[in-house]
Amino acid sequence: MPKETIKSGIVSDAYLRLLADRGIDYMFVNGGTDFAPIIESFAKADVEGTKMPEPVIAPHENVAVSMAHGYYLVTGKPQAVMVHVNVGTANAICGVINAYRDRVPMLMTAGRTPLTETELPGSRSGSIHWAQEMFDQAGMLREVVKWDYELRNGEQVEAVVDRALEVAMAEPKGPVYLSLPREVLGYEIKDFQYETPSRRVTSSPAAPDLAAIEKVAEMLVNAERPLIITRTAGQNPLAVEKVAAIAEDYAIPVGEFRPVYNTLANSHAMNIGFDLHDYLGQADCIVTLDCDAPWLPEFHGQPAEDCHVIQIATDPLFQNYPIRGFARDLSIAADIGLALAALKEALAAKKDAMVDAIDSRRAGLAERRDERLQRIEGVIGKVKSQTPLHQAWITRCLDEQIDDDALIFNDYPLLLPFMKERKPNTYFGTPLAGGLGFGVGAALGAKLGAPDKLVISAVGDGAYMFGNPVPAHQVAAAYDLPILFLVFNNSLWGAVKRSALGMYPDGFAAKSNKMPITQMEPSPEYDKIMDMFGGYGEKVENPEDVPGAIERALHAVQVEKRQALLHFVTGLAW
């Protein structure tokens, strides 16, 4: 195999060159005293013209991790993050949890406080270097990464980088963690060689058991009221193609319960929307696609006793969830795209036996779809003049002014039923773990990965604060990332309030004038933050002003190439 040789340098030279060789475009960084060798290597590369990842400075660790997350979602390429020892790792953990549960690969790294006190170049030189050392720095996030390791010498840097990336990209994908002691990064190297390209390739996607797929096909043939449920299937392009084809060919309704990625176009005849209430209890065969929680038992109830439930996922048992009790009659561990492709073939041989059932379902579903769309338009008619502003009205006004390939990062406030059309893999919802603030940094990463796309970040006021807005807007300004930020401000933590009302509907909290631990007052003038960063900001309180405000903000983003923020004063979403 071809080899590259580094005649002389330090370990961090080799480390960064390896990352670039392995396809890492960016290193999202939040620096500290442990970065000295990394900084030296980047400076040297600038002078010598050596290819290394481009460092992107994120003034908060959660922004850095979320940017790597968003970049992967639009490019399919894992990126690197580096933060400052244990304290930076602690600040980054929320973002790492999101990536882990959403199976987003990334190389999460942190420096290590110097291991030695005086003995080596890079030994401790600051008072913090004693207090920042931990017995097990990786221990604080080991439960939310697939693999962790500490670089121990320069000779192993190629093996360590390749091991980290291959584990991150193996199904189910996810973040890995590597700690980098300052002395090790600063070791001198001579005639260091590494293979290019790497021979450490990720394993191919898992194919399904065809006998199990045949059982699924038989269950669907015998079903009168089948149902497909998705949450994250939209991340798999083959799955998107095949689920649309199966749903259309066999008149099987598809419900997207709290989707993290959109799977089926809203206009698709078999898309039943996002509420399973009218379908779950009536179904006699349910196929869930990569769903950790396909329904909420307390809210939706349970499927009928005689309903067959099939779970298809790379890990249908979700073994890294401590407790998960969803009943199933068949679990298939496979790439869902490959599984659906096989299921489509298996069903094709049986279609003649299903013609009457298909025709009956198709007619019934068309009628129910028309009723659902009429209800949606009825809601719009009621809320378009409502104050405080209603989220449905804002959602519809936005939808009417953007293309169907705009990239939307939604930390809860946009209401999907009121968006008429979205191409698959253009909508990214709050991660499964619910680490709020994700949508702010992830949108920045997406814009970096897809600079020609319109990127929108929609957040509630609480999620916006969690998103570290000052660091995020600093990144947008520093790296010319014009994004449209939509802040839905109801001056409270709505999810917290709904939870209390749901558990104690007639309790003291429900009767209080201001429910404890939910208020976020006084409310800042969020739009004014744009004055600090040369962007466009506008506060919107009247419903008739919403379309014009969106038009002006889009002009700032798309024509003037400035970031923009619209501050919507809203009520509590339900």
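A few notes on this one:
- Extension gain (nm, one decimal) between Arg258 and Glu371, 0.36 nm per residue minus Cα-Cα: 38.6 nm
- Note on region 220-376: with charges restricted to the Cβ of Lys and Arg (+1) and Asp and Glu (-1), its dipole about the Cα centre is near 240 debye.
- Förster radius 41 Å - calculated FRET efficiency between Ser203 and Phe508, Cβ distance, rounded to 0.05: 0.15
- Cα-projected label distance for Thr5 with Ile39, points at 7 Å along beta-carbon direction, nm: 3.3 nm
- Projecting the Cα positions of Gln563, Phe485, Ser523 onto the charge dipole of region 462-574 (unit charges on Cβ atoms of Lys, Arg, Asp and Glu, taken about the Cα centre) puts Ser523 furthest along the positive direction.
- Shape category assigned to region 210-367 from the gyration tensor of Cα positions, a/c cut at 1.5: rounded
- Our summary gives region 210-367 a relative contact order of 29 percent, counting only alpha carbon pairs under 8 angstrom and 6 or more residues apart.
- Alpha-carbon centroids, region 105-148 and region 499-545: separation in whole Å: 39 Å
- Nearest 10 degrees, 0 to 90: helix 210-221 Cα axis against the chain principal axis: 30 degrees
- Test item: Cα-centred dipole of region 3-195, Lys/Arg +1 and Asp/Glu -1 on Cβ, debye: 380 debye
- Region 435-528 - percent relative contact order, Cα under 8 Å, separation 6 or more: 27 percent
- In region 210-367, taking the dipole from charged Cβ atoms about the Cα centre, the farthest positive-side position among Ala233, Ser331, Phe299 is held by Ala233.
- Annotation: extensible slack from Asp275 through Ser125 equals 48.2 nm (criterion: 0.36 nm per residue apart, minus Cα-Cα distance).
- Using alpha-carbon coordinates, inclination of helix 157-169 to the longest axis of the chain, degrees: 10 degrees
- Using only side-chain charges placed at the Cβ, +1 for Lys and Arg and -1 for Asp and Glu, the dipole size of the chain relative to its Cα centre rounds to 380 debye.
- In region 528-574, the trypsin sites (Lys or Arg not before Pro) that fall in loop regions by DSSP, at most 12 other Cβ within 10 Å: Lys561
- For region 3-195: rounded, prolate or oblate by the Cα gyration tensor [a/c cutoff 1.5]: oblate
- Restriction of the GluC sites (Glu not before Pro) in region 101-173 to DSSP coil positions whose beta-carbon has at most 13 other beta-carbons within 10 angstrom yields Glu117, Glu119.
- Helix-only [θ]222 nm of the chain, DSSP H runs n ≥ 4, -39500 (n - 2.57) each, per residue, nearest 500: -11500 deg cm²/dmol
- Calculated FRET efficiency, His555 to Asp531, Cβ-Cβ distance, R0 = 25 Å: about 0.90 to the nearest 0.05.
- Under the simplified labelling scheme, the Asp359-Asp46 pair shows an inter-label distance of 7.3 nm, with each label point 7 Å from Cα along Cα→Cβ.
- Relative contact order (%) - the chain, alpha-carbon pairs under 8 angstrom, separation at least six: 14 percent
- Gain upon complete extension [Asp284, Lys382; 0.36 nm per residue less C-alpha separation]: 31.7 nm
- Relative frequency of Cα-Cα separations exceeding 21 Å in region 393-525, percent: 47 percent
- Extending 7 Å from Cα along the Cβ direction at Asp403 and again at Thr196 yields two label points whose distance is 3.5 nm.
- Flagged links, alpha-carbon separation over 25 Å, of Lys384/Lys420; Lys382/Lys511; Lys384/Lys514; Lys146/Lys215; Lys539/Lys561: Lys382/Lys511; Lys384/Lys514; Lys146/Lys215
- Rounded to the nearest 10 degrees, the angle from helix 61-75 to the longest Cα principal axis of the chain is 60 degrees.
Bear in mind that the values in this text are calculations on the coordinates, not laboratory data. Small disclaimer: the values here were computed from a predicted structure and weren't measured. Neighbour counts are summed over all protein chains in view; Cβ atoms, including those assigned to glycine, are modelled from backbone coordinates with ideal geometry.
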